[in-house]
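Reviewing the structure listed below.
Quick note: the coordinates plus some simple rules give every number you see, no bench work behind them. As the structure is a computational prediction, the values presented were derived from the model and not from experiment. Here Cβ is always computed from backbone atoms with ideal geometry, including for glycine, and neighbour counts include all displayed protein chains.
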């Protein structure tokens, strides 16, 4: 994205989070959070848009403002055909992701291509798809973001995340990965949750396997730290 957009994003994030002196413990944690939050945080989000839509009762005359985040809910709200949705976010990466999803929904040739790109997000063919169907029509700022590089400009282009499993990246993806790693240290594989064949099986797996993990000394120590919630995009001021 352009330097002006990047600077504006940084300024808004700073104004929203920084409350304490940089030399204080709280100030250090706040600045650590804003550093972490500058990159992609939510490649997806977990709220249930169906519940939102039941409460909002959207109509073709509705106009709404929503947090962009991973773009999942905004895309779901569009199925109600509201007159307008304005998606806003402190993080420029989420805006770029939302714009990419919207364009893909319009320009990709079929559902299978769209699902491969965003549902699986782990095939090299997705990069060719981007080049052929999306790149030229993507707005300049979003294209600049996705074709930019992390790690001070020396890393791979961000668009390659769609060939390297997007959902294992981003702050949330890394946080979930750490959670799976810790669970496996105690002999629990969280993936068994999605293999459950009913809600009762899910509840049973949670009660007997996942819930006891939160009583483990290592997990209790880690979650007692404000930094433990950074991977969920929760700043230190909201920890309590």
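Report, to two decimal places, the Cα Rg of the stretch 150-207 normalised by 2.2 N^0.38 Å (N = number of residues).
For the stretch 150-207, the normalised Cα radius of gyration comes out at 1.54.
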Kindly give the semi-axes, whole Å and largest first, of the ellipsoid equivalent to the stretch 49-168, taking each as the square root of 5 times a Cα gyration tensor eigenvalue. 27, 16, 13
If each residue of separation counts as 0.36 nm, what is the full-extension length gain between residue 52 and residue 182 once their alpha-carbon separation is subtracted? 43.5 nm
So how far, in whole Å, is the C-alpha centre of the stretch 100-129 from the one of the stretch 202-240? 34
Quick calc: nm separation of the 7 Å Cα→Cβ label points for residue 206 and residue 139 -> 3.8
Fewest Cβ neighbours within 10 Å first, please rank 108, 102 accordingly. 102, 108
Considering the alpha-carbon set of the stretch 171-238 alone, what are its Rg and its Dmax in angstrom? 13.2, 39
Pairwise FRET efficiency - residue 220 versus residue 59, Cβ, R0 = 51 Å, nearest 0.05: 0.60
Taking the convex hull of the Cα atoms, report for the stretch 7-52 its projected area averaged over all directions, in nm². 4.6
Taking Cα centroids, how far is the stretch 1-76 from the stretch 172-189 in Å? 25
In whole Å, what are the Cα extents of the chain along the three principal axes, biggest one first? 52, 52, 41
For residue 131 and residue 106, calculate 0.36 nm times their separation in residues minus their Cα-Cα distance, and state this gained length in nm to one decimal. 7.5 nm
Beyond 27 Å, what share of the Cα-Cα pairs of the stretch 92-234 remains, rounded to the nearest whole percent? 39
Among 170, 155, 119, which one shows the highest mean-square fluctuation when the chain is modelled as a Gaussian network with alpha-carbon springs under 10 Å? 155
Subtracting the Cα-Cα distance from 0.36 nm times the residue separation, let me have the gained length for residue 80 to residue 114 in nm, one decimal. 10.2 nm
When a footprinting reagent is the concern and you count Cβ atoms within 10 Å, what order do 65, 74, 182 take, fewest first? 65, 182, 74
Spin-label zone in the stretch 116-133 - amide nitrogen under 16 Å from a point set 7 Å from the Cα of residue 194 along the C-beta vector: 116-123
In nm, to one decimal, how far is the residue 21 label point from the residue 88 one, both placed 7 Å along Cα→Cβ? 3.2
